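Each remark here refers to the structure printed beneath this line.
The values are calculated or read from the model by the stated rules, or taken from the named source; none is laboratory data. None of these values were measured; they are calculated from a predicted model. Note that we place each Cβ from the backbone using ideal geometry, even for glycine, and neighbour counts take in every protein chain shown. The area values use the complete protein model at the heavy-atom level, side chains included, leaving out ligands, DNA and RNA. Shrake-Rupley method; radii C 1.70, N 1.55, O 1.52, S 1.80 Å.
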Amino acid sequence: MPDYNFIEYLEQFVTDKRKALFKKVLNDRTRHFTVAIEDIYQPHNASAVVRSCEIFGVQDVHVIENKYKFYASNQVAKGAQKWLDFKLYKKKDTNNTLECINNLREKGYKIIATTPHNDSCVLQEYDITKKSAFFFGVEKEGLSKDVMENADGFLKIPMVGFTESLNISVAAAIILQNMNEKLKASNVKWQLNELEKSELYLEWLEKSIKSIKKIKEHYYSKIIQQ
């Protein structure tokens, strides 16, 4: 539970314009959809996916590191990673893909593999009422066998040219933009609840204040003295 008194205290250090922007963005954030990226070794691709998640309101990003380490380039992500929540799966001697899948299932997500190579559901026909985790893999190899065998469904973007696949960053942007648009036009309860909004609002306030460490120390020292 966030400290609402502390939130009110911090607000004095942030401009009204900034606070209004935080609240506006929070109203467009969702956990109805989430994204999982598996072994994306190109920093520019990983960063571009992160940027698309932030732009289209997806708050949580799940990162699987079985072979390659995830890195979000600030030059490409443009600071988007600062405003998102990341869950990393990178334990040694562990199938991190299955751990991610199990974790998401426990949270009520359908595991959706994005792939053009089978009888996938076409993007425009996807049922957005499902709480879904969209899995993205590298362009050539695609998603691992573990994802493909454990997926609850498959999703593809219709293509009419000779090229059979899109770059992962482009595919993620197209899918997330489409899902975002459909959610907003639907009756699905896709927005964060008030507690989630308050928790993120506090996090964002803290990230926006340069001298936050000293301010927190001062605030809590006053409470102790009372």
(request) Please enumerate the residues belonging to the stretch 15-52 that are closer than 24 Å to Leu205 by Cα and small (Gly, Ala, Ser). (result) Ala20, Ser47, Ser52
(message) Between Ala36, Ala20, which is loosely packed, with under 15 Cβ neighbours inside 10 Å and not polar (S, T, N, Q)?
(response) Ala20
(request) Hey, could you check the stretch 103-125 for residues that are of a type outside the set (Lys, Arg), assigned to a loop (DSSP other than H, G, I, E, B) and at pLDDT 95 or above and say which is most open to solvent (accessible area, probe 1.4 Å)? (result) Gly108
(request) Taking Ser221 as the residue in question, decide whether it is closer than 30 Å to Glu11 by Cβ, open to solvent by less than 70 Å² (accessible area, probe 1.4 Å) and at pLDDT below 95. (result) yes
(request) Kindly indicate whether Lys131 is more than 23 Å from Ala173 (Cβ to Cβ) and open to solvent by 40 Å² or more (accessible area, probe 1.4 Å). (result) no
(request) Could you grab the pairs with beta carbons closer than 7 Å, sequence gap of 6+ or different chains, first residue in the stretch 45-72 and open to solvent by 50 Å² or more (accessible area, probe 1.4 Å), second one hydroxyl-bearing (Ser, Thr, Tyr) and at pLDDT below 90? (result) Tyr68/Tyr41
(request) Tell me which residues, restricted to the stretch 146-180, are touching a Phe, Trp or Tyr at 6+ places or on another chain (Cβ under 6 Å) and open to solvent by 30 Å² or more (accessible area, probe 1.4 Å). (result) Gln177, Asn180
(message) Looking at the structure I just gave you, is Val14 of a type in the set (A, V, I, L, M), touching a residue at least 60 places away in the same chain (Cβ under 8 Å) and over 21 Å from Leu195 (Cβ atoms)?
(response) no
(request) From the list Leu183, Leu202, Leu143, pick out the single residue that is buried (at least 16 other Cβ atoms within 10 Å of the Cβ), modelled with pLDDT under 95 and hydrophobic (A, V, I, L, M, F, W, C). (result) Leu143
